[in-house]
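Coordinate-derived values only; no laboratory data. On a predicted model such as this, the values are computed, not experimentally measured, just so you know. Here the Cβ is made from the backbone with ideal geometry for all residues, glycine too, and neighbour counts use every protein chain on show.
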Amino acid sequence: MTLYPLPLEYILLSPLRGSGRGSSFIMIKLENIKKVFRTDVVETTALGGISLEVKDGEFVAIMGPSGCGKSTLLNILGLLDNPTEGHYWLDGVEVGGLRERQRTLTRRGQIGFVFQSFNLIDELTVEQNIELPLKYLGVPAAERKERVTEIMRRMAISHRANHYPQQLSGGQQQRVAIARAVVVKPKLVLADEPTGNLDTKNGKEVMDLLTQLNAEGTTVVMVTHSQRDAAYATRIINLLDGMVVEKTLL
Ligand SMILES: Nc1ncnc2c1ncn2[C@@H]1O[C@H](COP(=O)(O)OP(=O)(O)OP(=O)(O)O)[C@@H](O)[C@H]1O
Ligand SMILES: [Mg+2]
């Protein structure tokens, strides 16, 4: 008989949970994560054995040349994909081997994603796009309305509530994408080159929003090519050919 059905990591780590920014609670722990993409003809090792930790409340930038595995790593962190090998603990619970349905359920409400290409749904208005994750979570209509209204106000997009994504500027689309990512109040926000398609001014706005969310306690992991954006982070993890080569505390 097992005395403790929970994973050992969970028992060790959970008493520290919730103490917010600056706490030593480890939100993300990766141990020797490998990812190999196989087709009939080629085998690509995208991640060659990544071990790292991200503490609750950190703002981490992941940097490295094109093709070094940044997006692959972020997709694994965000439970959009499984590693081929290795262990991943999220909030002390091992999630690296979850099946797709479990990954989706675990992701919902806990993790918000922001992509370089915004990834909004063209057929839905700004308001409907932002509301969608709340619908998935089964939040009642009245509360959905309240939360969407509030987040649109914060992201300065209320005046475009009934527009469709194609009718918005790039900066506006990314603000909607951030609103959609954070409307569920996730503990972790993952952003893959969130300013990659934006001009300097809109890029700075997006970085300021992520910084604000982080100051309120949200853990942020962001992939970027920009030294300027990386300077917003509290730590930089440098990748090369699917391996961590350097971790810099800012
Ligand atoms: N679905 C896939 N099938 C096969 N190979 C893939 C797949 N996704 C990524 N790769 C390969 O894995 C490696 C890492 O890709 P990844 O997209 O993680 O790089 P990246 O660091 O995000 O690059 P960029 O800065 O250009 O976005 C690349 O060599 C890529 O070709
Ligand atoms: Mg990428």
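Between THR200 and HIS87, how high is the FRET efficiency from 1/(1 + (r/R0)^6) when r is the Cβ-Cβ distance and R₀ = 51 Å? Nearest 0.05.
Details: r = 40 Å, r/R0 = 0.78.
The computed FRET efficiency comes out at 0.80.
Taking amide H atoms as placed 1.01 Å from N in the peptide plane, the amide H of ALA191 lies under 5 Å from those of VAL114, VAL221, MET222, VAL223, each 5 or more residues away in sequence or on another chain. When the pairs LYS35/LYS135; LYS145/LYS201; LYS70/LYS204; LYS35/LYS247; LYS29/LYS135 are compared against a 25 Å limit on Cα-Cα distance, LYS35/LYS135; LYS145/LYS201; LYS29/LYS135 fall above it.
Extension gain for SER66 to LEU240 (0.36 nm times residue separation, less C-alpha to C-alpha distance): 61.7 nm. With the chain treated as a Gaussian network of Cα nodes joined by springs under 10 Å, which of LEU209, LEU105, LEU198 yields the largest mean-square fluctuation? It is LEU105. Candidates ALA142, THR248, ASN238 compared by Cα position along the dipole of segment 125-250: farthest toward the positive end lies ALA142, with charges placed on Cβ. Normalised by residue number, the volume inside the convex hull of the Cα atoms of segment 97-250 is 131 Å³ per residue.
Do the sum for the chain: with -39,500 (n - 2.57) for every DSSP H run of n ≥ 4, divided by all residues, what is the mean residue ellipticity at 222 nm, to the nearest 500 deg cm²/dmol?
On the way: 8 runs with 80 residues, N = 250.
Computed ellipticity for the chain at 222 nm equals -9500 deg cm²/dmol.
Volume per residue for segment 80-132 equals 113 cubic angstrom (convex hull of Cα atoms). Computed from Cα positions, the angle between helix 126-136 and the longest principal axis of the chain comes to roughly 40 degrees.
Within the listed set GLY170, GLY138, GLY112, the residue fluctuating most in the Gaussian network model of the chain (springs between alpha-carbon atoms under 10 angstrom) is GLY138.
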